[in-house]
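As structure tokens, the structure follows; a few thoughts come after it.
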6 protein chains.
Amino acid sequence: MWNYKKILQYPANIKKQDPEFAGLVITQFGGPDGELSAGIRYLSQMYAFPVAEGKATLNTIGTEELAHWEIIATLFYKLTQGITPEVLKEAGLGGYYVQHGRALYPQDAAGNPWTAAYVQSMEDPVASIHEDLAAEQKARATYEYLIDQTDDPAIIDTLSFLREREVVHFQRFGEVLDLLYEYEEDND
Amino acid sequence: MWNYKKILQYPANIKKQDPEFAGLVITQFGGPDGELSAGIRYLSQMYAFPVAEGKATLNTIGTEELAHWEIIATLFYKLTQGITPEVLKEAGLGGYYVQHGRALYPQDAAGNPWTAAYVQSMEDPVASIHEDLAAEQKARATYEYLIDQTDDPAIIDTLSFLREREVVHFQRFGEVLDLLYEYEEDND
Amino acid sequence: MWNYKKILQYPANIKKQDPEFAGLVITQFGGPDGELSAGIRYLSQMYAFPVAEGKATLNTIGTEELAHWEIIATLFYKLTQGITPEVLKEAGLGGYYVQHGRALYPQDAAGNPWTAAYVQSMEDPVASIHEDLAAEQKARATYEYLIDQTDDPAIIDTLSFLREREVVHFQRFGEVLDLLYEYEEDND
Amino acid sequence: MWNYKKILQYPANIKKQDPEFAGLVITQFGGPDGELSAGIRYLSQMYAFPVAEGKATLNTIGTEELAHWEIIATLFYKLTQGITPEVLKEAGLGGYYVQHGRALYPQDAAGNPWTAAYVQSMEDPVASIHEDLAAEQKARATYEYLIDQTDDPAIIDTLSFLREREVVHFQRFGEVLDLLYEYEEDND
Amino acid sequence: MWNYKKILQYPANIKKQDPEFAGLVITQFGGPDGELSAGIRYLSQMYAFPVAEGKATLNTIGTEELAHWEIIATLFYKLTQGITPEVLKEAGLGGYYVQHGRALYPQDAAGNPWTAAYVQSMEDPVASIHEDLAAEQKARATYEYLIDQTDDPAIIDTLSFLREREVVHFQRFGEVLDLLYEYEEDND
Amino acid sequence: MWNYKKILQYPANIKKQDPEFAGLVITQFGGPDGELSAGIRYLSQMYAFPVAEGKATLNTIGTEELAHWEIIATLFYKLTQGITPEVLKEAGLGGYYVQHGRALYPQDAAGNPWTAAYVQSMEDPVASIHEDLAAEQKARATYEYLIDQTDDPAIIDTLSFLREREVVHFQRFGEVLDLLYEYEEDND
């Protein structure tokens, strides 16, 4: 089970609202390569994972992705809080507003509701870990694309932290893969 | 952020494997009215929720739903662990096996990947809380339908606990609704 | 069976075209909390509904939602009829135009085709009626969000009528819920 | 607007329950080529249809498809009403039961929720009418496939009526196409 | 099996980049009535098609649609290659960019990932060929809508070629239908 | 463009029909990790791929996946051709039959229509190649799961060939990744 601790893993000190960017960053809340995808993917894979160290890594990283999901939600919230409907419409969020107001909804930047079709979870550990390595690379790339779309240092600061974590996770999954190959060798 | 604590909120002391039932109970892992729907729904709604007590309730219940999600996953895992491919096929899980092995995948009992189209999150607090009241009733009904499909006391024990929690959550959301109406009156 | 009567339940006397608003109001034609969702939801639930009065209400309201669906379609049509492709593109409807011209297509404001994943239909009457109460609240909120996005009195007039009807339906479903609780008490 | 008349367009005099067949016939309630697809398709296309006779035909046939949708729902209901959960499971409807009980839900025979991606609606009348001709042929074929799966004369009787209507609709849409070509010639 | 030949079936001699139009033309890469829909539809239908000439036509046209798919991809690539993230955002492709950069992704103009729900494939040859006739008409109309959205002669030239091919395919499928009716007559 | 050559890349010499297995193997025709996913993924990624050798590999492997898609289709067709509706129903293909007869439809083993949500295509080459490495591992695992579900040597022979090819593709993509790292080093 999980306990909630009322603190962000990394601050989102937004000073300037930017609904247009909010409409892009939401892809990391509910898009194909966002934090929800990552969290659900790892926390689904862990149960049948055959090697204990890998299972623990999936749990640890999966739980951290939920913390990142919270950071992205906080970003979106701060970027849009109290913005008028008219300004939201001008920023391309008119459709979002009429369906959700300014609440968070797990969708990508085009408005597609999140779907588990984005993730795979297989008992085969080598397949699952490659899925995870790919996930981390795609999340990293998405953060870079997002950073390309803003010049606000506060946003860049938070996104850079999150990007860095994906790089670290990629390395951790690489270590799990090494373990798996050892484990498979030992069991041959 | 969330911390993981390696203990189930309620035990899943399965003694007898039952892949056929596993194929049904997975709806609470990734189906329309399952624990993932509940968790994502509440944890999405909370950010823009205008009343502090309601926000706290959404966070608390949303976090508990993740714990329930873990219980369901544990159930599925214990009901299928090590079952041969042939027996899985006979139990109607042949298609599941060829796509996921015995790993957990967030889908419903028909194999539909989870989609956020099942949930709504709106800044309007009265609308969101009614969405949540409905969610709890639908989850309760799903647990009752699941209990109708088994006579294994160990499974029924775990599902009955989860069903009970939905009833409690329904009451808690009812209290939030009362608060909201008070709050709206005070602000008129 | 249904008979069509060539009259709108409430007029849509649009004087000024507004393709941009058309791109928002379409959410009530084919979005998550729109009139199609409502109609299909109630007209699906009614068959197995165990209490006669509730069944009748589901039929009556479901049929009325089809009339509202027609009003929304008429609105969209009048707001866009004959508008040039270029103006549609400027209004953010370029993608809509290349896929449908100016015909009605059941999608939300982001272009998601309508999906039955938005609705639930259960034999459990308490669960279904709570689904319906939530549906009415979400539809009401959507109309309010839409009204926030326009200052055209003719559009507001029609949307206000539709919003009012959702409030009335909410009350009617509340009465069905009372009946259900009585019915359940009598059968205990 | 539509008025409901409490009579089926054609009776569904089912004498023998058959949950297994219910699990197949539901494709005409919420599957790709079912009555809901037909109804929503025609009733969406009609608004922007440029020729009055075609518009009227779309309205008439679309309204009739709703009547057929009701017949299919009645069939499903009669084939499953009161069947025990265990028997439903044996008939392959265990997953359906835990998600909906014995209520009607707009899905296909594999459990896919209905999606508007099945239908197209375009202002181009020639394209739309060809969509409709195809729809009628696919519905006809589906009824034939369903009839292949039963030898119950009561079911066959109802399905044969519905199949016949698709053939008639195909002819009606063929006439609309002729009109369109005339109309286009006149306007060249 | 297929062999790739490094030549476009028809050139896409784009001289002027136009990311806004790229965001529309992508519907023919991954939208409901685009070239991917056509290719997958025909190449799926062919295996169980009961008449040899029809099978051959499905194969030939299906393979040609892949060539058209390549032309559309080339168009999109040339219209967007090297365009800066900021300009992409102004052109309404900000969401696309953060999810895919400037790579091709099979989606429609609203960002919906391609789904096989757009296509039907039935053993019934008359139903399948009507599906195909409709597909060609819808593709033709889509090209016309696209041409309405540009005045760049180079784009129009390529789209006109593709539009023409849909008309030819429509005629070819008409011939298959004639064959089918003959074939059915002979087998009665 | 592509040319079709009327020969299978590897034979599918099925001697014994097996509709139940057909219902599983279809996941490689239209499921998440099947040949269609692979083909569309690579053939979408190639256009914006920044390194020529990688682009060529994507094209070559993407084209080969279409050949594998054809092999799987041939397998399904031979395993089901002419099987009676009743036997199909007993084999769990009743729902498939009423929607498609015995034609090929791009769906997974649970009946989900193929969706591009299964694939990602990004301009970032490192992310895309990791997506591809993962895809090959998941396809390999799926073939192994399928082989677990049959003891027919003819089926196993064909599936083993396809499994082997995924292993080879994985190695080829590994080589592209090495190239990419060199290329990135050279450009730093």
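Some values worked out for this structure:
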quantity	calculated
Count - residues of the stretch E:144-185 that are assigned to a helix (DSSP H, G or I) and either touching a Pro at 6+ places or on another chain (Cβ under 7 Å) or of a type in the set (Ser, Thr, Tyr) (or both)	7
Residue list for the stretch A:69-89, filter: under 23 Å from the mean Cα position of the chain (by Cα) and either surrounded by fewer than 24 Cβ atoms within 10 Å (Cβ to Cβ) or within 11 Å of chain B (Cβ to nearest Cβ) (or both)	A:TRP69, A:GLU70, A:ILE71, A:ILE72, A:ALA73, A:THR74, A:LEU75, A:PHE76, A:TYR77, A:LYS78, A:THR80, A:GLN81
Wholly enclosed helices (runs of 4 or more DSSP H) of the stretch B:1-116 bearing at least 1 residues more than 20 Å from A:PRO50 (Cβ to Cβ) and free of Cβ contacts under 8 Å to residues at least 24 places away in the same chain	B:35-45, B:52-80, B:85-90, B:94-100
Pick from the stretch B:90-143, criterion of a type in the set (Val, Ile, Thr) and within 17 Å of B:GLY39 (Cβ to Cβ), ranking: nearest to the chain's Cα centre (by Cα)	B:THR142
Residue pairs meeting the criteria (Cβ under 8 Å; at least 6 apart or on separate chains; first within 15 Å of C:LEU58 (Cβ to Cβ), in the stretch C:176-188; second among the hydroxyl-bearing types (Ser, Thr, Tyr) and surrounded by 13 or more Cβ atoms within 10 Å (Cβ to Cβ))	C:VAL176/C:THR57
Qualifying positions in the stretch D:91-101 - over 9 Å from D:PRO19 (Cα atoms) and away from chain C (no Cβ under 11 Å)	D:GLY94, D:GLY95
Residue satisfying condition, being of a type in the set (Gly, Ala, Ser) and without any contact (Cβ under 8 Å) to a residue 12 or more places away in the chain, within set D:ALA127, D:ALA141	D:ALA127
Given (1) within 14 Å of chain E (Cβ to nearest Cβ); (2) in contact with a strand residue (DSSP E or B) (Cβ under 9 Å, 6 or more places away or on another chain), number of the condition A:LEU66 does not satisfy	(1)
Top-ranked residue of the stretch D:110-128 - restricted to ones that are surrounded by fewer than 24 Cβ atoms within 10 Å (Cβ to Cβ) and away from chain B (no Cβ under 14 Å), ranked as nearest to F:GLY94 (Cα to Cα)	D:VAL126
Residue in the stretch A:122-143 that is touching a His at 6+ places or on another chain (Cβ under 6 Å), assigned to a loop (DSSP other than H, G, I, E, B) and either of a type outside the set (Asp, Glu) or farther than 23 Å from F:MET122 by Cβ (or both) present	yes
Among (1) facing another protein chain (nearest Cβ under 9 Å); (2) over 29 Å from B:THR115 (Cβ atoms), the one test that C:ASN13 misses	(1)
Which numbered condition C:GLU131 fails, given (1) of a type in the set (D, E, K, R); (2) crowded, with 19+ Cβ neighbours inside 10 Å; (3) within 14 Å of chain E (Cβ to nearest Cβ)	(3)
Failed item, numbered, when C:THR57 is tested on (1) within 23 Å of D:GLU65 (Cα to Cα); (2) of a type outside the set (Phe, Trp, Tyr); (3) in contact with a Ser or Thr (Cβ under 8 Å, 6 or more places away or on another chain)	(3)
Residue check for F:PRO32: over 17 Å from F:SER160 (Cβ atoms) and under 14 Å from the mean Cα position of the chain (by Cα)	yes
Of residues in the stretch E:134-162 being among the small types (Gly, Ala, Ser) and facing another protein chain (nearest Cβ under 7 Å), the one nearest to E:GLU53 (Cα to Cα)	E:ALA134
Boolean, C:ASP152 is surrounded by fewer than 19 Cβ atoms within 10 Å (Cβ to Cβ), in contact (Cβ under 8 Å) with a residue 40 or more places away in the chain and either touching a Lys or Arg at 6+ places or on another chain (Cβ under 9 Å) or closer than 30 Å to E:GLU144 by Cα (or both)	yes
Enumeration of residues in the stretch F:100-114 that are touching a Phe, Trp or Tyr at 6+ places or on another chain (Cβ under 7 Å) and either among the polar types (S, T, N, Q) or more than 22 Å from E:TYR47 (Cβ to Cβ) (or both)	F:GLN107
Qualifying residue in the stretch B:12-19 (condition: at pLDDT below 95, touching a Phe, Trp or Tyr at 6+ places or on another chain (Cβ under 7 Å) and of a type outside the set (Asp, Glu))	no
Hey, C:ILE26 hydrophobic (A, V, I, L, M, F, W, C), surrounded by fewer than 24 Cβ atoms within 10 Å (Cβ to Cβ) and at pLDDT 95 or above or not	no
Single residue of the stretch B:137-188 satisfying the filter (of a type in the set (Asp, Glu) and modelled with pLDDT under 95) that is farthest from B:TRP69 (Cα to Cα)	B:ASP188
Hits in the stretch E:155-184 (condition: among the aliphatic types (A, V, I, L, M), surrounded by fewer than 16 Cβ atoms within 10 Å (Cβ to Cβ) and under 22 Å from E:ALA22 (Cβ atoms))	E:ILE156
Those residues of the stretch C:47-101 which are at pLDDT below 95 and over 30 Å from D:GLN81 (Cα atoms), in sequence order	C:GLY82
Number of the condition not met by E:GLY34 [criteria: (1) among the small types (Gly, Ala, Ser); (2) more than 8 Å from every other protein chain (Cβ to nearest Cβ); (3) in contact with a Leu (Cβ under 7 Å, 6 or more places away or on another chain)]	(3)
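The values are calculated or read from the model by the stated rules, or taken from the named source; none is laboratory data. Remember, predicted model here, so these are calculated numbers, not experimental data. Neighbour counts run over all protein chains shown; Cβ positions are idealised from the backbone, glycine included.
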